[in-house]
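Q: Pasting a structure below so you can have a look.
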Amino acid sequence: SKGPYAHFMLKEIYEQSESVMNSMRGRLNFQTKSVMLGGLSEENVYTINSSRRILFISCGTSLNACLAVRPTFDELLNLPIAMENASDFLDRQPHVFRDDVCVFVSQSGETADTLRALEYCQKKGATLVGFTNTVGSSISRLTHFGSHLNCGVEVGVASTKAFTSQIVVMMLAVLRLSDDSRRLAPRRHEIMDALSRLSADVAECLRMVAPKVKALAQRLLDAKSVLVLGRGYQFASCLEAALKIKELTYVHTEGINSGELKHGPLALIDENIPVIIFCTKDAHIDRARSAIQQVRARKGKPIAIISERDEEVEAAADDIIQVPQTVDCLQALINIIPMQMLAYELAVLRGNNVDCPRNLAKSVTTQ
Ligand code: M6R
């Protein structure tokens, strides 16, 4: 049931402070700083760490969750990490080897392209790993091992709590896979500390952004097109924010790596196009500041997502949404919350079907 909420999507957005906790429950011991994931036994950890590479294969929001954790897999493991959109992977039929580990990430566990890609990798003899939310789903049955998201049933077609739980569970996986490294212990502990505060940070974020987002939705109501910029840890955020806004509002929205601005997208900037920019604090903040200046210089009206007061960003932006600051590699999980809410508010204002946007299905079981 929707309880007191008008739509399942809104309920699922608000559930996230709880669902991220449920994804960690019994898996992360905050006191002993250790991670136990049912699917990642000693033997399975060895299989992954001695593999040739890890290939993440999925679609839509699930692929964006993979992109969100990619920098941390790059950082904590000594393995090449590749990302594949399942349909493009099937079109290309690329090389897959017996000593590859192929990770299939899917809320439903039934997405046709992801399943076909799994069958392809199965034929090649690769190790198959699954992260799904649905116990007994095809992907959880056909993979050699994996973990469930445990975020509860997601009803809204637009994925919200599954995205944040996918980030949590894959973060736990990479912490488990790197737990024999003494060199990485301080970084791993920093991430675990942030995970221990995550539920509270999500709750605070929901409180902080709600009124701001409602007001922003009113102002963006007539936009014909929206751009969302980010880079580094926030590249995944801009893709996922754009996906949420386009599927809920039916307004053209594009997520762009701000490193690409000068290679074409700058031509789109004028005084009419809303440009949302992730400027939360991490090693790339100077580049985010430069992106906001580039937009401003073309008469654009940037809307900045910040995690700390920032004079330069605040002076250049037309609008600011502040969110709580967490560790850099988990910030995407916090940053997506105002974007989920913005997509929701815009859909309501436009009179769209929030829980079942036109032309879309919750589980895409045809190719
Ligand atoms: O069930 P899956 O995670 O495999 O679904 C993949 C996509 O179809 C899904 O994430 C889709 O992009 C969502 N509707 C986005 O909100």
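The values are calculated or read from the model by the stated rules, or taken from the named source; none is laboratory data. Only a predicted model underlies this, so the values are computations on that prediction, with no experimental measurement involved. Quick reminder, even Gly has a Cβ in these numbers, built from the backbone with ideal geometry, and neighbours come from all protein chains shown. In case anyone asks, the SASA skips ligands and DNA or RNA and just uses the protein heavy atoms, side chains included. Shrake-Rupley method; radii C 1.70, N 1.55, O 1.52, S 1.80 Å.
Q: At 1.4 Å probe size, with the rest of the protein present, what percent of the exposed accessible area of segment 199-306 is carbon and sulfur atoms? Before the final figure, lay out the partial values.
A: On the way: 2350 of 4550 Å².
Taking all protein chains in place, segment 199-306 shows 52 percent carbon and sulfur surface.
Q: Quick one: grab the alpha carbon gyration tensor of segment 1-153, order the square roots of its eigenvalues as a ≥ b ≥ c, and give me rounded if a/c is under 1.5, else prolate or oblate depending on whether a/b is larger than b/c.
A: Judged from the Cα gyration tensor, segment 1-153 comes out oblate (a/c at least 1.5, b/c at or above a/b).
Q: Restricting to the chain, what percent of DSSP beta bridges are antiparallel, rounded to 5?
A: Details: 2 of 40 bridges.
Counting only bridges with both partners in the chain, antiparallel ones make up about 5 percent.
Q: Compute the distance in nm between two label points, each set 7 Å from the Cα along the Cα-to-Cβ direction, one at R197 and one at I320.
A: Spacing of the two 7 Å Cα→Cβ label points: 2.0 nm.
Q: Quick one: the Cα spread of segment 148-282 along its three principal axes, in angstroms, biggest first?
A: 52, 36, 25
Q: Quick one: P(r) of segment 173-244 from all Cα-Cα pairs, 5 Å bins, percents rounded to integers, in order of increasing distance.
A: In whole percents, the pair-distance histogram is 3, 11, 12, 16, 20, 14, 9, 7, 5, 3, 1.
Q: What distance in nm lies between label points placed 7 Å from Cα along the C-beta direction at T365 and R298?
A: In this crude spin-label approximation the distance works out to 4.4 nm.
Q: Tell me, what is the Rg over Rh of segment 25-83, with Rh the Kirkwood radius over Cα pairs? Working shown, then result.
A: Details: Rg = 13.1 Å, Rh = 13.1 Å.
Taking Rh as the inverse mean 1/r over Cα pairs, Rg/Rh reads 1.00.
Q: With charges set only on the Cβ (+1 for Lys and Arg, -1 for Asp and Glu), what does the dipole of segment 298-357 come to about its Cα centre, in debye to the nearest 20?
A: Rounded to the nearest 20 debye, it is 340 debye.
Q: If you don't mind, another one. Which value, in Å², gives the accessible area per residue of the chain when a 1.4 Å probe is used on the protein heavy atoms?
A: Result: 41 Å² per residue.
Q: Could you work out Rg/(2.2 N^0.38 Å) for segment 241-341, with Rg from alpha carbons only?
A: Relative to the rule-of-thumb radius for its length, segment 241-341 sits at 1.03.
Q: Using a Gaussian network model on the chain with a 10 Å cutoff between Cα atoms, which of P94, P71, P324 fluctuates the most?
A: Result: P94 has the largest fluctuation of those listed.
Q: Sorting check: for 16-23, 346-353, which peptide has the highest mean count of neighbouring beta carbons within 10 Å, and how do the rest follow?
A: Order by mean packing, descending: 16-23, 346-353.
Q: Sorted from largest to smallest, which semi-axis lengths in Å does the alpha carbon gyration tensor of segment 295-367 give for its equivalent ellipsoid, taking the root of 5 times each eigenvalue?
A: Over the Cα atoms of segment 295-367, the ellipsoid semi-axes are 30, 18, 12 Å.
Q: Roughly how many percent of the accessible protein surface of segment 18-121 is carbon and sulfur, given a 1.4 Å probe and a whole-percent answer?
A: Roughly 47 percent of what the probe reaches on segment 18-121 is carbon or sulfur.
Q: Work out the charge dipole of segment 220-367 with +1 on the Cβ of Lys and Arg and -1 on the Cβ of Asp and Glu about the Cα centre, then indicate which of Y250, I303, C329 is farthest towards its positive end.
A: Y250
Q: For the chain, with the dipole built from +1 on Lys and Arg beta-carbon atoms and -1 on Asp and Glu ones, taken about the Cα centre, which of G351, Q294, S108 lies farthest toward the positive end?
A: Of G351, Q294, S108, it is S108.
Q: Assign unit charges at the C-beta atoms only (+1 for Lys and Arg, -1 for Asp and Glu), then state the dipole size of the chain relative to its Cα centre in Debye, rounded to the nearest 20. Don't skip to the end; give the middle numbers.
A: On the way: 41 positive and 41 negative charges, 49 e Å.
Computed charge dipole of the chain: roughly 240 debye.
Q: Can you tell which of L239, L227, A200 lies farthest toward the positive end of the dipole of segment 198-245, using +1 and -1 charges on the Cβ of basic and acidic side chains (Lys, Arg; Asp, Glu)?
A: Value: L227.
Q: Oh, and also: Quick one: putting +1 on the C-beta of Lys and Arg, -1 on the C-beta of Asp and Glu, what dipole do you get for segment 239-367 around its Cα centre, in Debye to the nearest 20?
A: For this selection, approximately 400 debye.
Q: As a check on your grasp of the helix formula, calculate [θ] at 222 nm for the chain: sum -39500 (n - 2.57) over DSSP H runs of n ≥ 4, divide by the residue count, round to the nearest 500.
A: Helices in the chain give a 222 nm mean residue ellipticity of -15000 deg cm²/dmol.
Q: Mind ranking 105-117, 203-215 by how tightly packed they are, going by the mean number of other C-beta atoms within 10 angstrom, highest first?
A: Going from most to least packed, we get 105-117, 203-215.
Q: Given 10 Å bins starting at zero, what is the percent of C-alpha pairs of the chain in each, up to the one with the largest pair distance?
A: Spelled out per bin, shortest first, that is 5, 25, 34, 25, 10, 1.
Q: By a straight-distance test (C-alpha under 20 Å), which lysines pair with K301 as possible cross-link partners, with residues fewer than eight away in the same chain excluded?
A: Candidates past the 8-residue exclusion: K212, K214, K224, K246, K262.
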